[in-house]
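Scroll down for the structure; my scribbles are underneath it.
The values are calculated or read from the model by the stated rules, or taken from the named source; none is laboratory data. Since the model is a prediction, treat every value here as computed from it, not as a measurement. Here Cβ is always computed from backbone atoms with ideal geometry, including for glycine, and neighbour counts include all displayed protein chains. Heavy atoms of the whole protein, side chains included, go into the accessibility calculation; ligands, DNA and RNA do not. Shrake-Rupley method; radii C 1.70, N 1.55, O 1.52, S 1.80 Å.
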4 protein chains.
Amino acid sequence: MALTLEDARNIISAAEAKATEIGQPMNIAVVDVGGNVISHVRMDGAWLGGIDISINKAFTSRAFDIQTKDLAENSQPNQQFYGIAASNNGRIMIFAGGIPLIRDGEVVGAIGVSGGSGNQDQDVAEAGVKAL
Amino acid sequence: MALTLEDARNIISAAEAKATEIGQPMNIAVVDVGGNVISHVRMDGAWLGGIDISINKAFTSRAFDIQTKDLAENSQPNQQFYGIAASNNGRIMIFAGGIPLIRDGEVVGAIGVSGGSGNQDQDVAEAGVKAL
Amino acid sequence: MALTLEDARNIISAAEAKATEIGQPMNIAVVDVGGNVISHVRMDGAWLGGIDISINKAFTSRAFDIQTKDLAENSQPNQQFYGIAASNNGRIMIFAGGIPLIRDGEVVGAIGVSGGSGNQDQDVAEAGVKAL
Amino acid sequence: MALTLEDARNIISAAEAKATEIGQPMNIAVVDVGGNVISHVRMDGAWLGGIDISINKAFTSRAFDIQTKDLAENSQPNQQFYGIAASNNGRIMIFAGGIPLIRDGEVVGAIGVSGGSGNQDQDVAEAGVKAL
């Protein structure tokens, strides 16, 4: 069941292809069931600031078994998880680009993407998910 | 292409002149293409809290190749990057005063300014940019 | 001159081949000239604790343009850099496995490896260096 | 009595001249009586890892009103301050290159230097001190 490095590479490769297609270089990370990084790549020209963000979007998605874009809605002022971004030593990312990876109905890890608009990050992450 | 210490000093000197002109002492920092500090100065009377902020505004501008005032707009509640300030171990500054430094069409570093109002910080940073 | 993601992948691939040859799964990371991660992989079965260590061995090697095994010697009690491991917010690794990457006589980044004994980490890192 | 930015620049300038004379690029920082940075410069080609270290050598020298090379002796295993490097959130540097700045018999700040051997850092810091 566990995600392998080969799985992670297939997922990253599909995400990269999507990023190339839309012309936006990205940071892409995959974490395992424990929330720990299996692999990360920064495409040429992608944001330096996205290294941390891609890894932590993946962590966040696995930490709460949720897409970070859905967590965003619940983390706005006056919503039920407002303030959650202060937890976990700054590792909680509450904007689009992180998606759990599911195999045979179980969460086995997550992908995190950072490098463009929220919509672009989401699209690239979704392309990665499809490769699992 | 790489920013030199001499470049950084010219940029800081121009920013200082502007700060003196408007009568507001400032912290001014310049980082290189890797987001690492080349030089920082705290003018006499400038905020202690601005040491960290000026350095991290410069880091943020390079990390996302964006002016921090533009990042501010996208980081408000319900906007696409709301929550980004929790990333990168607290180094992301989402208010005016950080600007990428561009040479021959490429980002080679950034300037960060902290010590006054958002408009003042922005004006002083812009004066620094013109010296490159 | 700048290291590309393709460069990083070639380096990591050569390091992985060596790790497979000696039968010890490894974490392998490559950073650029600014000390920022380009790519990281954790081979199946490699230590979770090595994610951070491999990335920070690479950072350390670039931060001081030195092999981490050489820094080790100078960081022992009563040596000139004793205590350096407390600097840079815990990112300085003072044991074998980090090596600068040099192209045309200039340091352009570094590789960091963690997963086995000091000698094994060093051997795998050296195999990576040869691929540049 | 307070150190001014002009004082800091004179001190840094003298230290830079010494670094140039010995052919070793350095990071040089000056802090005020509160241990807060007035100015920092990274000479072209100096270690990235020395940014943090130069600033924190200066902080340490003012924090304990002592040269960091003297603190080193007391911080070795089995000595009275062994373990002090774990205090102050990693800001305590216990190797040569930090020296208090004294005016009219009072400590008004400190200089910190990082970029070469312990002896080189100490020599460059001493050259800076003489400019006060």
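Rounded to the nearest whole Hz, the Karplus-based 3J(HN,Hα) values (6.51 cos²θ - 1.76 cosθ + 1.60, θ = phi - 60°) of the range A:93-98 follow the sequence 9, 10, 9, 4, x, x, with x at glycine and proline.
Between identical copies, the spacing of B:E6 label points, each set 7 Å from Cα toward the C-beta atom, reads 2.6, 3.5, 5.6 nm from nearest to farthest. Take every pair of alpha-carbon atoms less than 8 Å apart whose residues are at least six positions apart; their mean separation over the length of chain D yields a relative contact order of 31 percent. Listed cross-link partners C:K69/D:K69; A:K57/B:K18; B:K57/D:K18 are compared with a 30 Å cut-off, the Cα-Cα value being larger for A:K57/B:K18; B:K57/D:K18. When the Kirkwood hydrodynamic radius is evaluated over all pairs of different C-alpha atoms of chain A, what value in angstrom, to one decimal, is obtained? Here the Kirkwood hydrodynamic radius works out to 14.1 Å. Over every Cα atom in the protein assembly as shown, the radius of gyration and the widest Cα-Cα span, Dmax, amount to 23.0, 75 Å. Here the 3J(HN,Hα) profile of the range B:112-122, calculated from phi with Karplus coefficients 6.51, -1.76 and 1.60 at θ = phi - 60°, is x, 10, 8, x, x, 6, x, 5, 5, 4, 4 Hz, Gly and Pro shown as x. Of C:I111, C:I51, C:I28, which is the most mobile in a GNM of chain C whose springs link Cα atoms less than 10 angstrom apart? Judging by the Gaussian network model, the answer is C:I51.
Interface residues of the range D:41-86, defined as those with an accessible-area decrease of at least 20 Å² between the chain by itself and the complete set of protein chains (probe 1.4 Å), are D:V41, D:R42, D:D44, D:W47, D:L48, D:G49, D:I51, D:D52, D:I53, D:Q76, D:P77, D:A85. The modelled label-to-label distance between C:T4 and A:R103, using points 7 Å beyond Cα along the C-beta direction, is 3.2 nm.
Across D:M93, D:M26, D:M43, mean-square fluctuation computed from a Gaussian network of chain D (C-alpha pairs under 10 Å connected) peaks at D:M43. Relative to the Cα centre, the charge distribution of the protein assembly as shown, modelled as +1 at Lys and Arg Cβ and -1 at Asp and Glu Cβ, gives a dipole magnitude of about 480 debye. Taken one residue at a time, the phi angles of the range A:3-19 give Karplus couplings (6.51, -1.76, 1.60, θ = phi - 60°) of 5, 9, 4, 4, 4, 4, 5, 5, 5, 5, 4, 5, 5, 4, 4, 5, 4 Hz. Gly and Pro are set to x. Measuring from the axis that maps chain B onto chain C, the chain B residue with the nearest beta carbon and its rounded distance in angstrom come out as B:G34, 1. Counting only protein chain heavy atoms and rolling a 1.4 Å probe, the accessible areas of C:K69, B:K57 rank, largest first, as C:K69, B:K57.
Candidates A:A127, C:V41, C:Q76 compared by Cα position along the dipole of the protein assembly as shown: farthest toward the positive end lies C:Q76, with charges placed on Cβ.
If you take every residue apart from A:G97 with its C-beta less than 13 Å away from the C-beta of A:G97, what net charge results, scoring Lys and Arg +1 and Asp and Glu -1? Net charge around A:G97: -2. Here chain B is treated with +1 on each Lys and Arg Cβ and -1 on each Asp and Glu Cβ, and its dipole about the Cα centre works out to around 200 debye.
Over chain A, dividing the summed -39,500 (n - 2.57) contributions of all DSSP H runs of at least 4 residues by the number of residues returns a 222 nm mean residue ellipticity of -13000 deg cm²/dmol. Heavy atoms of the protein chains alone define the surface here; on that basis chain A has 39 Å² accessible area per residue at 1.4 Å probe size.
Counting only protein heavy atoms and using a 1.4 Å probe, the accessible area of B:F64 comes to about 10 Å². Annotation: B:V33 carries an accessible surface of approximately 60 Å², with a 1.4 Å probe and no ligand, DNA or RNA atoms counted. Surface composition of the protein assembly as shown: carbon plus sulfur atoms contribute 47% of the solvent-accessible area (1.4 Å probe, protein chains only, all chains present). Buried surface for the A/B pair, taken as the accessible area of each chain alone minus that of the pair with a 1.4 Å probe, is close to 1400 Å² in total.
In terms of accessible area, using a 1.4 Å probe and ignoring ligands and nucleic acids, C:E16, A:E6, B:E126 rank largest first as A:E6, B:E126, C:E16.
Backbone amide hydrogens, once placed in the peptide plane, bring C:L101 within less than 5 Å of C:V108, C:G109, C:A110, C:I111, excluding anything fewer than 5 places away on its chain.
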